[in-house]
Structure formats: C-alpha cells, structure tokens
1. Take the alpha-carbon centre of the stretch 105-141, take the same for the stretch 35-86, and report the distance between them in whole Å.
2. Tell me the label only: which of (i) 39, 17, 11; (ii) 23, 18, 15; (iii) 33, 16, 12 is semi-axes √(5λ) of the Cα gyration tensor in Å as calculated from this structure?
3. Treating the beta-carbon of each Lys and Arg as +1 and of each Asp and Glu as -1, no other charges, what is the dipole magnitude of the chain about its Cα centre, to the nearest 20 debye?
4. Would you mind checking the pairs K5/K29; K61/K111; K33/K61; K25/K111; K111/K140; K5/K31 and listing those with alpha carbons more than 19 angstrom apart?
5. Under the rule of -39500 (n - 2.57) per DSSP H run of 4 or more residues, summed and divided by the residues of the chain, what mean residue ellipticity at 222 nm is obtained, to the nearest 500 deg cm²/dmol?
6. Taking H as built 1.01 Å from N, whose amide H comes closer than 5 Å to the amide H of V8, not counting residues under 5 places away?
7. What list of ³J(HN,Hα) couplings, whole Hz, do you get for the stretch 102-116 from phi and the Karplus terms 6.51, -1.76, 1.60, once you set θ to phi - 60° and write x for glycine and proline?
8. For a quick check: sort M118, M1, M105 by the number of other beta carbons within 10 angstrom, fewest at the front.
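Please treat every number below as a calculation from the coordinates, not as lab data. Source: prediction; values computed, not measured. All Cβ positions, glycine included, derive from the backbone under ideal geometry; neighbour counts span all protein chains shown.
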Amino acid sequence: MEIDKILVAARGNGVDQVAVELACKLGKKSKAKIYIVYVIEVNRSLPVDAIIKPDMELAEKVLLEAEEYAQDNDFEVDTEIIQAREVGPAIIEVARQNSVDVIIMGITYKKRFGSFTMGNAVPHVLEEAPCRVLICREPKQ
C-alpha cells in the first residue's frame, strides 16, 4: 500500500510527538505529504469563530513543534488550526478535502467512571473515516 498523504490529528498531549514520528516513518518510502491539524472545540455558548486565546496559543505551539520535526525529517508539511463544535467531524472533513490515505490520532490513557475511554472524537473518526485510521495510545500509567 502506497501512502502519499497522511493526516495527523494533534491534541496538545504527550502523544502528538509520537504520532508525528509515526507519520514520518510510514511516509518515508513514498515521501508522503503530512497534514497536521489541531481542532479547537468551541463551546456552543460561544460563536464558532470566537478567539479563545489560551487554546489558540497552545495550538500554535503544538503545530510549530510538530511541523519542525516533520520538516527536519525532509517532509512537506501543511498545518492548520480549525475551530469547530466537535473534533471528530472536523477531522473527517479535513481528511476528505485532502484525500488522505491514513489518519493518525494520538490519545492519552484516561478513565471515565472507572473504565477506559477514548472520548467522542476517536470513535467518530473510526466510524466515518474515508481511509485507514491508526490510533497511537500512550502507555497505561
């Protein structure tokens, strides 16, 4: 399987770096283009285009670090900050617009009500993705 376009969904957690490294390894043979997207989930009480300065600053920092790593490894990189009501549908839209071959999502290990949870975005992407999806979960602490 040739991989020409990879989408990394960054979240500002410790797994982002691993996800970008994985994208570089997967795309090395074909010199794939890497898209790195950070979705800021905007509360419904605010306009979707509201400027949320702390979230925007974190997104810019995360994308800059990811972009530098990928560029240091000779990859063509596009980064984008998206503001949306929900993360999952925004990731799917970017994947479709760019006809990516693989979506890579890094997730943290977290529990809710005593059970492991992936949140809402990951199950949505797994269900709706028009391509392969790789999930990179941090180790259980």
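1. 19 Å
2. Answer by label: (ii).
3. 680 debye
4. Where the Cα-Cα span goes over 19 Å, the pairs concerned are K61/K111; K33/K61; K25/K111.
5. Rounded to the nearest 500, the figure is -11500 deg cm²/dmol.
6. Those qualifying (amide H under 5 Å, at least 5 residues apart or on another chain) are Y35, I36, V37, I104.
7. Here the 3J(HN,Hα) series is 8, 10, 10, 10, x, 10, 8, 8, 9, 10, 9, 6, x, 10, 4 Hz.
8. M1, M118, M105
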